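First up is the structure itself, then whatever we jot down about it.
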Amino acid sequence: MAPARLLKCDFSSTLYNTGSVSCVCFVFCVSETDISQPFDAASPHLPWDHPFYDIARHQIIEVAGDDNYGRKVIVFNACRMPPQHELDHHKLLMYLKGTLDQYVESDYTLIYFHHGLTSENKPSLSWLRDAYREFDRKYKKNIKALYIVHPTMFIKTLLILFKPIISFKFGRKINYVSYLSELEDVVKCEQLLIPARVKEYDNKLRASLKPTTQPPMSPPRSPPLPNQVFGVSLIEGIFRRSANVTLVKDVQLRYNSGAAVDFREMEDVHLAAVILKTFLRELPEPLLTYQLYNDIVNFTSVSSDSQVMVMKTLLESLPEENYASLRYLITFLAQVSANSEINKMTNSNLAVVFGPNLLWGRDNAMSLSAIGPINNFTRTLLDQQHLVLLNTKSA
Amino acid sequence: MPEQSNDYRVVVFGAGGVGKSSLVLRFVKGTFRDTYIPTVEDTYRQVISCDKSVCTLQITDTTGSHQFPAMQRLSISKGHAFILVYSITSKQSLEELKPIYQQVLAIKGNVEAIPIMLVGNKSDETQREVETKDGEAQANQWKCAFMETSAKTNHNVTELFQELLNLDKKRNMSLNIDGKRSGKQSRAERLKGKCSVM
C-alpha cells in the first residue's frame, strides 16, 4: 500500500522527502495515428526496416521489468536523445505511445532520467505543453508514479509553467528523485540498465555533498534530539494555531523538490507544526490505514479495562513503517502535552487537532459522527502510549 | 438554496483560537471561561421570533484547527447566515478568512443577499495587530457587515447576533420573544457605537 512506501524511513526523513503534494509534468505527446505494425517494446533490436528502427536504436525508451510493487517500469533516458535535428519528435512520440499502449491497460511506473538533456537535444516548450494536453486520459490514469531523477532548475521551471494545466491528481503522482539510491525503494536499480553518464553524474553529485550530509533516503537511524524543531513546544496552542497558507505551500514545495528547509530561519513556529499536520493529512492513505477504520471508529464500544489490549493488538497489525512513524509521533506529542500547563495542549486538545489527520474514511467525506470516535481513540492512545506502544519494535 | 424550514442556521467560521466558541457560549449561555479547548463542531439552538411567529436559531460552531473541505461546504450550503471571526491580535487570522469567504461566495453565488458579519474578536486585548479600520476595509470589500467584539468582556456579543438577523431582509427576526426583553437584551441597549453595517 502506498503509505507503507511513503513511510519507509523514520519520520523526519519521510517528512523531508515524500510530501504528497507536488507537481511537475513531463509527459509526451501522442498523435492519433495508429501504430499499424506491432513491435516488442522490451527490445531495442527491431528489424532495420521497421518504421521505428531509427527511434528504437537510440534506446531512449526502455521497458525494464517490474518495480517492487509488480508494476511495469518504463524508463525514459533523456541523455540518449540525439540532437534535435537528428530526431523526428513526432515519431518518438508514436514510438512512446506504441510502447505505452502495451502496458497502459494496467498500472505502470515511468522513470525519467533527466540528466543529459541539453539545449541541443531538448524538445521545445510549446511541444511539451501540447503534449500534456493531447495525452489521452487512459495513459494518465494508469500511470501510478512518475519519477523524475536528478531534477534541475529547468525541470523545476517547467513545473511552474505547467502548474495551471496539470490536474491535481496527476500532480500527486510526480516524485522528484535526487539520488539513484532513492530509487531503490521503487525498483532494483541494476535491472534498469541506467546509462553510464547518469551513474557518473550521480556519483559526482554525492561526492559534492559535504561529508556530513547524508543522502536524504538514508538518514541516521539514531532518533533526532527531542523537540529539535519544536524546542518551542512551550508555545501556547502549538498544533492548534494555523500558519500562513502561502508559506505552508512554499515549504511543501521545497520539501517535495528535495530542497533543504530550515525552520529556524522562519519566524513562525506554527508553520512547522502545520506542515507536520498537513503531511499526515495529505498522505494517500491515512497513517492509521483504511484497514483499521472500522475498528477504530467502533473503539468506543470496547470496555475500558480491555482498551489497552485491544488498542495494542490493533496498532501492531499496522504495517511496520506506519507503526514506527506513529510511535515516533505519539511519543513526541506526549512530550508536548507534558508541558500542557504552559502550552495548553493537553492530550485531549491534541487529540482534537491530530485525530482527523491520523484517520479518515476511504470516501474522504469526513463525517462528524466518525471524528468523535477517532479523536477519542487518539486521546486514549496519547493517554496510554507508555502501555500501548512497544519500545522495542523498531523500524 | 437551503430548504425553508423552521430553523434559521448561522455558521461561525474562523481560524483556530480566535474565540468562535467563546463568542457563541457567551451569547448562548452568557458565560465566559478562560479555558482552552479546541472545537470539533458544536451546534446550539435557541428560540427567536421570526415573522410574528417563533423559529429556532441554530448556531453551528465549527473547528478552526483543521479543514475538511467537504464538511465546510456542507455547513455553507446549509447555512442561512455566516459569522466570520478573526482575532484583532492576529493579522494571520484575518488572512485565513479569505479562503472561507471565497468558499461562501462560490457556493452561495451572490453573497449580497446573504447575511455575513465580519467580526474582530478579543477587542479587550491590547496587543492589537489588526486596526479597526483594516477590518472595516475588508468588510467593505466583501460587502458585508463588520463589528468588533469581546467575548471576555461581553462587548457587542448580543448585538452581533441581532445585527446579523437584521441583515436578513427576507425575514423579520428578533432575539426577543413576545416583545419581552431578556436579560441579555437589556444589555444590548448599551454599546451600539461600535457596530457599523456596510
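The values are calculated or read from the model by the stated rules, or taken from the named source; none is laboratory data. Given the structure is predicted, the values throughout are model-derived calculations rather than measurements. Reconstructed Cβ throughout: ideal geometry from the backbone, glycine too, with neighbour counts over all protein chains shown.
Just one of the numbered conditions (1) touching a residue at least 60 places away in the same chain (Cβ under 8 Å); (2) away from chain B (no Cβ under 14 Å); (3) under 17 Å from B:Ile37 (Cβ atoms) is not true of A:Asp383: (1).
Only residues that are touching a Pro at 6+ places or on another chain (Cβ under 8 Å) and either more than 13 Å from chain B (Cβ to nearest Cβ) or aliphatic (A, V, I, L, M) (or both) were counted in the stretch A:333-372, giving 7. For the stretch B:4-18, residues that are within 23 Å of A:Met345 (Cα to Cα) and over 11 Å from the mean Cα position of the chain (by Cα) total 4. When the stretch A:341-370 is limited to residues that are free of Cβ contacts under 8 Å to residues at least 24 places away in the same chain and charged (D, E, K, R), the one that is nearest to A:Ser325 (Cα to Cα) turns out to be A:Asp363.
Among residues of the stretch A:231-260 that are within 14 Å of another protein chain (Cβ to nearest Cβ) and in a helix (DSSP H, G or I), those with a beta-carbon under 8 Å from a residue that is hydroxyl-bearing (Ser, Thr, Tyr) and surrounded by 18 or more Cβ atoms within 10 Å (Cβ to Cβ) at least six positions away or on a different chain give the pairs A:Val248/A:Thr278.
Hey, any hits in the stretch B:130-153 for a residue that's assigned to a loop (DSSP other than H, G, I, E, B), surrounded by fewer than 19 Cβ atoms within 10 Å (Cβ to Cβ), within 14 Å of another protein chain (Cβ to nearest Cβ) and touching a residue at least 12 places away in the same chain (Cβ under 8 Å)? So far as the stretch B:130-153 goes, no, none of its residues is assigned to a loop (DSSP other than H, G, I, E, B), surrounded by fewer than 19 Cβ atoms within 10 Å (Cβ to Cβ), within 14 Å of another protein chain (Cβ to nearest Cβ) and touching a residue at least 12 places away in the same chain (Cβ under 8 Å). Return the pair list, or none, for Cβ contacts closer than 7 Å from residues in the stretch A:279-301 that are in contact (Cβ under 8 Å) with a residue 12 or more places away in the chain to residues that are of a type in the set (D, E, K, R), at least 6 apart or on different chains. Pairs found: A:Tyr290/A:Arg362.
Here is a yes/no grid of residues against (1) closer than 23 Å to A:Ala370 by Cβ; (2) in the same structural domain as A:Ser369 (by the TED database); (3) among the aliphatic types (A, V, I, L, M); (4) buried (at least 19 other Cβ atoms within 10 Å of the Cβ):
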site	(1), (2), (3), (4)
A:Phe299	yes, yes, no, yes
A:Ser306	yes, yes, no, no
A:Ala324	no, yes, yes, yes
A:Tyr328	no, yes, no, no
A:Ala338	no, yes, yes, no
A:Ile342	no, yes, yes, no
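The number of residues in the stretch A:348-391 being outside any helix (DSSP H, G or I) and either over 28 Å from the mean Cα position of the chain (by Cα) or modelled with pLDDT of 85 or more (or both) comes to 5. If you filter the stretch A:280-290 down to residues that are at pLDDT 90 or above and assigned to a helix (DSSP H, G or I), you find that the one that is farthest from A:Arg241 (Cα to Cα) is A:Tyr290.
Yes/no per residue for (1) under 20 Å from A:Glu236 (Cα atoms); (2) among the charged types (D, E, K, R); (3) in a loop (DSSP other than H, G, I, E, B); (4) out of contact with any Phe, Trp or Tyr (no Cβ under 7 Å at 6 or more places or on another chain):
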residue: A:His270; (1), (2), (3), (4): yes, no, no, yes
residue: A:Val274; (1), (2), (3), (4): yes, no, no, yes
residue: A:Thr278; (1), (2), (3), (4): yes, no, no, yes
residue: A:Leu292; (1), (2), (3), (4): no, no, no, yes
residue: A:Lys312; (1), (2), (3), (4): no, yes, no, yes
residue: A:Leu318; (1), (2), (3), (4): no, no, yes, yes
residue: A:Asn322; (1), (2), (3), (4): no, no, no, yes
residue: A:Ala334; (1), (2), (3), (4): yes, no, no, yes
